[in-house]
Each structure stands twice: as C-alpha cells, then as structure tokens.
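Asker: Please see the structure below; I have some questions.
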Amino acid sequence: MASQPSFTPGTPAADGWRMPAEWAPHHATWLTWPRPEGISFPGKYDPVPAVYAAFIRELVAVEEVHVNVWHGDMEEWVRGLLTTHRCPLDRVRFHHFPAYEPWCRDHGPIFLRRNHGGQGERAVVDWGYNAWGNKYPPCDLDDVVPQHVARLRGLPLFSPGIVMEGGSLDVNGEGTLLTTESCLLNPNRNPRLSRAQIEQYLRDYLGVSNILWLGDGIVGDDTDGHVDDLTRFVNPTTVVTVVEADPQDENHVPLKENRDRLKSMKDEKGRLLRVVELPMPGRLEYDGQRLPASYANFYIANGIVVVPTYRDPRDREALEILQREFPDRRVVGVDSTDLIWGLGSFHCISQQEPSA
C-alpha cells in the first residue's frame, strides 16, 4: 500500500515559503495527458495529441517533462506517439497518476520554495479542485494529483482546505499576486469566504503581500475568468495585458476595464506597474461556440516562452511583443488552434516545478 503524503501543519508563509515566479529556474514541467474518453475535446480529440507532442518537443530541449497518464497502456501509446512526432524521450518521465481531464495548471501541484539553512527547499500546496465550480464532475482523481506528486518528491504538503486553481492567479515572485473578481469571488468556489478571507489564504499559503484584482475574463472562458487569459507578469514590475481594439467585439469593454485598473496598480514596493498591451486574436469559433483564444496563455520555461498561435494575422505581432519583453529567452509560437477547442491552451495544460 502506497504511503500517504506528509501533510504539514501551519501556514507556509510563516515558515518562509512562497510561490516563485514562473520565470524562476525550473526543475521540470508537469502535464496531464488528455484521455480520448474525456469531455475536454468533444468530437475533436484526434488532432490534440499532436499539439501536445509539439509542446513537449519544445520543453524537452530545456528541461524535464513529467506526464501524468491513466495507466500503463496509455503510457505506451503516448511514448509511441511522441516518437512518431520526433520528440526525444530521454527527458520525459511518466507517472500513473490518473486524472479525468488534462488541465494540470488547475488540478496540479502549486510548488513553493524557500531558503533554509543555506539550502533551497520545496513544498507543495494542495488546493481543493472542483472543476471550476462543479461544472464537469467527476473530478476526485484530478483533485488528488498534488498529493501524488508531493509523495513522489518527498515534499511537505500544505492543504488550505479551500478551492483554488493555478490559472486563476499569477505572481511576480516578490510579493505581488494578480487575480480576478469574476473567478475568486464566484460563489461556486468558496461561497462562505469573503474577499478579505480569500486574500488572507493567498498571503498565508503563497507568501504574497500585495494582491491586485482585475474584473471579468474573456468570452468563452468556462473558468469564470482566469487571469492567465488576461494579464501576466513578464518580470517583477511589468505585465502584459490583452486588449481588443474592435469596439463591437464582446471582449472590448471588459478588457478595457481591466487595462484601466492596471494603470493605477502598484507592486509590493509601491511602484506603478509597467503595462504592455498584447492584441487579441480574431474571433475563433468551433461548432458555433466562441473559443477563449488568447496570446496571454503562454508558458515560460527555462530559456524559452511557448506562445499559443491561432493561424491569425495577429500571431506575428503578439510574438514580436513578447520577444521584446523576454529578451533573454527564445519566444516560440506553437499552433494552438486545435487545443483551444478544450477552452484552454499551453499555460492551462502545464505546471512548473521550480528548482530547489
């Protein structure tokens, strides 16, 4: 019988733990492979594994990739597919940690880090996961993935006892966190908690001191407005935020309101944030449904930034803007047109594990 993870009493911040920024050095990236039987890609699963293979091919050039799979048969199938797509396997590790759906950003572990006794240490936060407000049951297997990872790594595990998703927050690694009212204050997450109580959980379990609130998310986002489709830190004092130039587009007003809020927002040291605008791709639909395509759903790995593209004329502009903001990393676009049918892209499917 497998041992249970070591739950740690107290709050992480009190002992010096905090969530690093995504650009901090990684030990690995974690993914959960999508199941053909899952509900994330109705009627359009077949092209999705190739998108995963393209993403992993970029990642293994710079760091390890750990893939959660349902069982041994799935592992063998994924190995074969990656080989077919010329993706080296020497830095890919598989784990039989089953999950119903592939959104590892939200059901995966949130890693913390601290310096203690002259050495770096890591821990895991095991937030509750309810599939974005109980929209897509069951999700019990997805919910325990952080416990599997903490046990595998032999890391302390903190369990706040409230619902929180990784895609709903972004940190600069120095004390500031971005999130949205539409998601964290939605009664389908933590209906008994006030805004002030939610903020205290973020301070206690992620080691932040300065919490910045945006408003609504983009049309088609079934997460109720995750910030990783809207606004992202690219360094401790700079954010990129998506804007929609067309005043007739449904996203124009909420994105303008978020941009206006950002104009007066400050970091943990009281400095006004530098705000860089990022375009939105043109309207993307499938089967009559508008999809939440956004260039903000990029993933920062060691030395690279993987940006979703959508076969859109604005792809080039978005890549050029992000390359300017990440001068020391290679910015690479990977076609996400098929992946976005699942209502998420590369940031939604990935979770960084920092180096100790």
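Asker: With the structure loaded, tell me whether G161 is closer than 21 Å to V65 by Cα and either crowded, with 23+ Cβ neighbours inside 10 Å or modelled with pLDDT of 95 or more (or both) or whether it fails that test.
Answerer: Criteria not met by G161.
Asker: Hey, can you tell me all the residues within the stretch 25-49 that are of a type in the set (A, V, I, L, M) and touching a helix residue (DSSP H, G or I) at 6+ places or on another chain (Cβ under 8 Å)? Full working, then the answer.
Answerer: Step one: list which residues in the stretch 25-49 are of a type in the set (A, V, I, L, M), which gives 28, 31, 39, 48.
Those that are of a type in the set (A, V, I, L, M) and touching a helix residue (DSSP H, G or I) at 6+ places or on another chain (Cβ under 8 Å): L31, V48.
Asker: Among all residue pairs at least 6 apart or on different chains, which show Cβ distances below 7 Å where the first residue, located in the stretch 300-329, is in contact (Cβ under 8 Å) with a residue 40 or more places away in the chain and within 23 Å of H27 (Cα to Cα) and the second is part of a helix (DSSP H, G or I) and of a type outside the set (S, T, N, Q)?
Answerer: Close Cβ pairs satisfying both conditions: A301/L59; I304/E58; V306/F55; V306/E58; V306/F346.
Asker: Right, something else. State whether the residues of the stretch 277-298 include one that is more than 26 Å from K44 (Cβ to Cβ), among the charged types (D, E, K, R), touching a Ser or Thr at 6+ places or on another chain (Cβ under 7 Å) and surrounded by fewer than 21 Cβ atoms within 10 Å (Cβ to Cβ).
Answerer: Here is the first cut: in the stretch 277-298, the residues more than 26 Å from K44 (Cβ to Cβ) are 277-278.
Right, trim to among the charged types (D, E, K, R) and you get 277.
This time we only want the ones that are touching a Ser or Thr at 6+ places or on another chain (Cβ under 7 Å), so: 277.
Now narrow it down to the ones that are surrounded by fewer than 21 Cβ atoms within 10 Å (Cβ to Cβ): 277.
Checked against the condition, which is being more than 26 Å from K44 (Cβ to Cβ), among the charged types (D, E, K, R), touching a Ser or Thr at 6+ places or on another chain (Cβ under 7 Å) and surrounded by fewer than 21 Cβ atoms within 10 Å (Cβ to Cβ), the stretch 277-298 yields at least one hit.
Asker: Please determine, by comparing only the residues of the stretch 119-143 that are buried (at least 20 other Cβ atoms within 10 Å of the Cβ) and among the charged types (D, E, K, R), which one is farthest from G10 (Cα to Cα).
Answerer: Filtering the stretch 119-143 for residues that are buried (at least 20 other Cβ atoms within 10 Å of the Cβ) and among the charged types (D, E, K, R), the one farthest from G10 (Cα to Cα) comes out as D142.
Asker: Please go through the stretch 133-186 and pick out each residue that is over 22 Å from F97 (Cβ atoms) and β-branched (V, I, T).
Answerer: Matches in the stretch 133-186: I162, V171, T176, T179, T180.
Asker: What's the total number of residues in the stretch 31-56 that are surrounded by fewer than 17 Cβ atoms within 10 Å (Cβ to Cβ) and of a type in the set (V, I, T)?
Answerer: Selection size over the stretch 31-56: 1.
Asker: Sticking with this structure for a sec: Restricting attention to the stretch 342-356, which residues are of a type in the set (S, T, Y) and over 14 Å from L230 (Cα atoms)?
Answerer: Of the stretch 342-356, the ones of a type in the set (S, T, Y) are 345, 350, 355.
Correct list: S350, S355.
Asker: Among the residues of the stretch 237-286, what is the count of those that are over 24 Å from I300 (Cβ atoms), part of a loop (DSSP other than H, G, I, E, B) and aliphatic (A, V, I, L, M)?
Answerer: Looking only at that region, the number is 1.
Asker: I'd like the residue in the stretch 298-356 that is aromatic (F, W, Y) and not in a loop (DSSP other than H, G, I, E, B) and, out of all such residues, is farthest from the chain's Cα centre (by Cα). Talk me through it step by step, then tell me what you get.
Answerer: If we filter the stretch 298-356 for residues that are aromatic (F, W, Y), which is where we start, we get 298-299, 310, 326, 341, 346.
Still in the list and also not in a loop (DSSP other than H, G, I, E, B): 299, 341, 346.
On the way: Y299: 8, W341: 17, F346: 8 Å.
By that ranking, first place goes to W341.
Asker: Quick one: is L59 touching a residue at least 24 places away in the same chain (Cβ under 8 Å) and surrounded by fewer than 17 Cβ atoms within 10 Å (Cβ to Cβ)?
Answerer: Numbers: touching a residue at least 24 places away in the same chain (Cβ under 8 Å): yes; surrounded by fewer than 17 Cβ atoms within 10 Å (Cβ to Cβ): no.
No; evaluated as a whole, the condition is false for this residue.
Asker: Please indicate, with yes or no, whether at least one residue in the stretch 40-56 is of a type outside the set (D, E), under 18 Å from the mean Cα position of the chain (by Cα) and outside any helix (DSSP H, G or I).
Answerer: yes
Asker: Listed residues D246, D216, D140, D204; which is acidic (D, E), farther than 27 Å from Q289 by Cβ and either in contact with a helix residue (DSSP H, G or I) (Cβ under 8 Å, 6 or more places away or on another chain) or modelled with pLDDT under 95 (or both)? Steps first, answer last, please.
Answerer: Values: D246 fails: farther than 27 Å from Q289 by Cβ; D216 fails: farther than 27 Å from Q289 by Cβ; D140 fails: either in contact with a helix residue (DSSP H, G or I) (Cβ under 8 Å, 6 or more places away or on another chain) or modelled with pLDDT under 95 (or both).
Being acidic (D, E), farther than 27 Å from Q289 by Cβ and either in contact with a helix residue (DSSP H, G or I) (Cβ under 8 Å, 6 or more places away or on another chain) or modelled with pLDDT under 95 (or both) holds for just one of D246, D216, D140, D204, which is D204.
The values are calculated or read from the model by the stated rules, or taken from the named source; none is laboratory data. All figures in this text were calculated on a predicted structure; none of them were measured in a lab. Positions of Cβ are backbone-derived with ideal geometry, glycine not excepted, and every protein chain shown enters the neighbour counts.
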